[in-house]
Amino acid sequence: MRNKVAIISLLAVGFLLASAPMSAHHGNAGYDFTATVTVKGTVTDWIWSNPHCFLKFDAKDEKGDVAHWIVEASNPPDMLHAGWSASTFKAGDEVTVDVMPTKNGKHVGRIRRVILSDGKVLGGGGRYVL
Amino acid sequence: MVNCRMFSTIGLFAVVVSVLVVSPVPPTLHSQSAVPKQSGDSQNGNNGDWWVSHDKWNTPLPDKSVYKDKKPAPAPPRDLSGTWDGLAEGGTQAKGPKEFPDDASHKPDPPYSALGKAARMRNKAGEGEEQVAVGDVNDPVDSCDPLGFPRSDLFSLKAMAIAQTPNYVLWLNQYYNVYRTIWTDGRELPKNPVPRYYGYSVGHWEDDYTFVVETVGTDERTWLDNVGRPHSSDLRVVERLHRPSRDILELTVTIDDPKMYTKPWVASNKLTLHLLPADFDMGEMICSPSEMSEYKKLVADPVAGDSK
């Protein structure tokens, strides 16, 4: 009986150790706070979701290839406070995005602000604006 | 004993609960291609009409300028009920509680004991001066574990609602969908309770405009604030809610945890909350594990990863 309990306990511990913890979202360290990169592109999707809303758009990179960007804003109530909504963007919209870039140079970042094709300027929801 | 005020507070309670409970369930990560024009694009308090023309659903918290010209009115006695805005006067507290931030101002730390300091170093936050790389953050909220109390006072105190019944006060936070029951039926705090994420609270009126809440039995797995200050289950929190006028609530939060801190300290000193319109609808900010997982995959992991 004791051996069975020991085996089951070892298996349980092993399972717990093996399960990867969900990595953090609350973190600034991957971003370059002082930098801004301006990217023009076409919206492919606008995800209105917790913990952060994010905008997907395609832009031509330096080589003329299509770069798929994902840039994040804050959570829906924060974005409503900033004047955004679930219907602010739709696929096909032309946008210019001021991005707080990552240190690793990937096509992800935080939205500092977005300029819509009609010239309207949307601030990025508080904490990420320079 | 039945009277009009009891009906109106129960009515408010029912409205608040039904709005929170009956909200439609959205699809996970809905993307917006053909959604009709929604709230949020309308004014955020940049003109005097916000009090009349704000959105009735998912009401955005306004720009704080809407409170500037509000004429003071007397507070109703022994009544905290309503929906309140903590954002306007700094309730976000991303870098720690207002009185003890962990930011570039380099204000003093809370009075850690040796145990408290060690516990603080084990909590690896993504915010504040001690912030660590994203992959090293161990904030329980990042796995959608409960925010807990008193972090629900000391972080993300934005829209909140209070409803009063004869036996308890109900406290609801928009962010992280928190509710707390504060018993006013005269019961004593439990001795040696099994810890709970939001603890055990009793409250009483110190005078007609000051409500005092005592809380014990909080679960030590929660962080005290957003930058990883610790607490034990021995923590005792005293909140004072003072209503000097109809539209203002002042929240003072005192932390008393002899295991983690050498003396009590005031984390929040008369943080001002502004009364919101009675029809203000608190939109959801809920930590959903599946949404968090999708966000991690699409955004957080690429941000944290090595260069391509």
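Okay, here's what the table says:
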{"read-out": "Residue list for the stretch A:80-103, restricted to those being surrounded by fewer than 16 Cβ atoms within 10 Å (Cβ to Cβ) and either in contact with an Asp or Glu (Cβ under 7 Å, 6 or more places away or on another chain) or within 8 Å of chain B (Cβ to nearest Cβ) (or both)", "value": "A:Lys90, A:Ala91, A:Lys103"}
{"read-out": "Any hit, the stretch B:160-169, residues being within 14 Å of chain A (Cβ to nearest Cβ), crowded, with 22+ Cβ neighbours inside 10 Å, hydrophobic (A, V, I, L, M, F, W, C) and part of a loop (DSSP other than H, G, I, E, B)", "value": "no"}
{"read-out": "Selection within the stretch B:254-298 - away from every other protein chain (no Cβ under 14 Å), hydroxyl-bearing (Ser, Thr, Tyr) and crowded, with 16+ Cβ neighbours inside 10 Å", "value": "B:Thr254, B:Tyr261, B:Ser268, B:Thr272"}
{"read-out": "Selection count where residues are more than 30 Å from B:Asn167 (Cβ to Cβ) and either part of a loop (DSSP other than H, G, I, E, B) or among the hydrophobic types (A, V, I, L, M, F, W, C) (or both), scope the stretch B:66-86", "value": "6"}
{"read-out": "Residues of the stretch A:35-47 classified as without any contact (Cβ under 8 Å) to a residue 40 or more places away in the chain and among the polar types (S, T, N, Q), total", "value": "0"}
{"read-out": "Qualifying residue in the stretch B:173-189 (condition: under 16 Å from B:Trp223 (Cα atoms), among the aliphatic types (A, V, I, L, M), in a loop (DSSP other than H, G, I, E, B) and touching a residue at least 12 places away in the same chain (Cβ under 8 Å))", "value": "no"}
{"read-out": "Answer from B:Asp279, B:Asp306 - the residue that is in a loop (DSSP other than H, G, I, E, B) and modelled with pLDDT of 95 or more", "value": "B:Asp279"}
{"read-out": "Any chance A:Lys90 is part of a loop (DSSP other than H, G, I, E, B), among the charged types (D, E, K, R) and touching a residue at least 40 places away in the same chain (Cβ under 8 Å)", "value": "yes"}
{"read-out": "Filter result for B:Asn173 (within 14 Å of chain A (Cβ to nearest Cβ) and not basic (Lys, Arg))", "value": "yes"}
{"read-out": "Residues (among the aliphatic types (A, V, I, L, M), within 13 Å of chain B (Cβ to nearest Cβ) and surrounded by fewer than 17 Cβ atoms within 10 Å (Cβ to Cβ)) located in the stretch A:34-72", "value": "A:Ala67"}
{"read-out": "Candidates B:Val238, B:Val227, filtered to the one that is away from chain A (no Cβ under 14 Å) and farther than 27 Å from B:Lys70 by Cβ", "value": "B:Val238"}
{"read-out": "The stretch B:134-159: number of residues that are within 14 Å of chain A (Cβ to nearest Cβ) and more than 22 Å from B:Pro76 (Cα to Cα)", "value": "18"}
{"read-out": "Enumeration of residues in the stretch B:81-110 that are in contact with a Phe, Trp or Tyr (Cβ under 6 Å, 6 or more places away or on another chain) and either surrounded by fewer than 11 Cβ atoms within 10 Å (Cβ to Cβ) or not hydroxyl-bearing (Ser, Thr, Tyr) (or both)", "value": "B:Gln93, B:Pro110"}
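Results for (1) touching a helix residue (DSSP H, G or I) at 6+ places or on another chain (Cβ under 9 Å); (2) modelled with pLDDT of 95 or more, shown as yes or no for each residue.
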position	(1), (2)
A:Gly30	yes, no
A:Pro51	yes, no
A:Val114	no, yes
A:Lys120	no, no
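The values are calculated or read from the model by the stated rules, or taken from the named source; none is laboratory data. Model, not experiment: these values are computed from the prediction. Here Cβ is always computed from backbone atoms with ideal geometry, including for glycine, and neighbour counts include all displayed protein chains.
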